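Chemist: After the structure tokens below, expect a handful of questions from me.
The values are calculated or read from the model by the stated rules, or taken from the named source; none is laboratory data. Small disclaimer: the values here were computed from a predicted structure and weren't measured. All Cβ positions, even for glycine, are placed from backbone atoms using ideal geometry, and neighbour counts span all protein chains on display.
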Amino acid sequence: MGLIASAQGLKTVEKARLAKGWARQASIWYGEAHVELPTLKRFLAGKVAVRQENFEAICKAVGVDWKQIVDWEKSGQNRVEDNSDIAQICLKEDCNEMHDVQIFYGREQELENLKQSILQNRSRVVTLCGQPGIGKTALAAKLAEEVKSDFEYFSWRSLNDSVAPSLLKLLSGLIKFLCSEEETDFPSDVDELIDKLLNIFSNHRVLLVLDGWENISRTQSMEGSQTDYEKYSKLLKRIAERKHKSCVVITTQEEPKELSSLQDTPCVKTRLKGLDFQASLKILNAKKLIFVPQQAEKLINDYNGNPLALNHICEHIQKVFAGNVSHYETKYTILFPLEFETAINKNCEFL
């Protein structure tokens, strides 16, 4: 027998899902139910019947009584559909600039807290702060992979060029992605584009990552950039203040001042510190270094668990000293990557 959930039943399931902090298509959900992802998608669509045993298992996994959410009338009129391409819930993605996250160490607690902020607390803005190389971009990418199935649209935009893109350019490209292909008439005024974007955010679930926000403020003193910086600030404030369904994740070295003054808005800030010892140790092992525990602890402490710095020094030790930390220690006490020199001079916290 095949069953279909009622509209009210799906709302009950949605509430239970959010209470658990699960994404709409979370692997833990269909894993605990012992069903395939397409089956979960058909269940959530509420249009095509799924087998009763699968229906019951999906409900049990999320903690609801399956008998209370069945639409018995529709279930009697529909047959079980085994075609996995039917009733797929599609996510539209624009993530060509997104970093690969195949290798990711540590950050389990930070990741869980952020997922809860987005999936359960419905935070509008999530800010990941921290010094260069601490893993802000990697965490944002991992977070996006974990929660994007809860959204209709996902877009990753990098602001890390030598000069940040103009807001007009960024908004125009983003809105074209979010709008239907048939729509070609877009405003050319930034304020009108912000209004249009916020309307889309209100009507659709959009996950937007802006990677490298600090580059906006760094270019403000350049010719013609001050006005654009102010418009970026206006965009961020309006996203934080206006009620909508979407979420913007920002990576930055410093907390945006536009958010620090806001009160009683669903925004969350996470300041990242270095990786813990066990996560840092995985980097040393992945680089196949030769060491004793005390040497590993000293190396990790020297670089404060900064993953980019650790990767750099491990590669240096592997290349120059054949991976032997003992030989490295006879030559250096600490060796900072060149790309960190500016940050070190400006930021004693890294030391």
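Chemist: Only one of 188, 162, 166, 158 is within 19 Å of residue 229 (Cα to Cα), at pLDDT 90 or above and not β-branched (Val, Ile, Thr); which? Outline the logic, then answer.
Modeler: Numbers: 188 fails: at pLDDT 90 or above; 162 fails: at pLDDT 90 or above; 166 fails: at pLDDT 90 or above.
Just one listed residue meets the conditions, 158.
Chemist: Quick one: in the stretch 124-141, which of the residues that are outside any strand (DSSP E or B) and of a type in the set (A, V, I, L, M) is nearest to residue 259 (Cα to Cα)? Spell out how you get there, then give the answer.
Modeler: Step one: list which residues in the stretch 124-141 are outside any strand (DSSP E or B), which gives 124, 130-141.
The next check asks that each one be of a type in the set (A, V, I, L, M); those that pass are 134, 138-141.
Working: 134: 22, 138: 22, 139: 20, 140: 18, 141: 22 Å.
This residue is 140.
Chemist: Take the residues in the stretch 209-245 that are outside any helix (DSSP H, G or I) and in contact with a helix residue (DSSP H, G or I) (Cβ under 7 Å, 6 or more places away or on another chain), then tell me which one is modelled with the lowest pLDDT. Quick ask: steps written out before the conclusion?
Modeler: As a first pass, look at the stretch 209-245 and keep what is outside any helix (DSSP H, G or I): 209-213, 219-224, 242-245.
Filter once more, keeping what is in contact with a helix residue (DSSP H, G or I) (Cβ under 7 Å, 6 or more places away or on another chain): 209, 211, 219-220, 242, 244-245.
Numbers: 209: 96, 211: 93, 219: 60, 220: 57, 242: 89, 244: 92, 245: 89.
Of everything passing the filter in the stretch 209-245, 220 is modelled with the lowest pLDDT.
Chemist: Let me ask something additional. Please verify whether residue 125 is at pLDDT 90 or above, touching a Cys at 6+ places or on another chain (Cβ under 9 Å), farther than 30 Å from residue 281 by Cα and surrounded by 13 or more Cβ atoms within 10 Å (Cβ to Cβ), treating the condition exactly as stated.
Modeler: Answer is yes for this residue.
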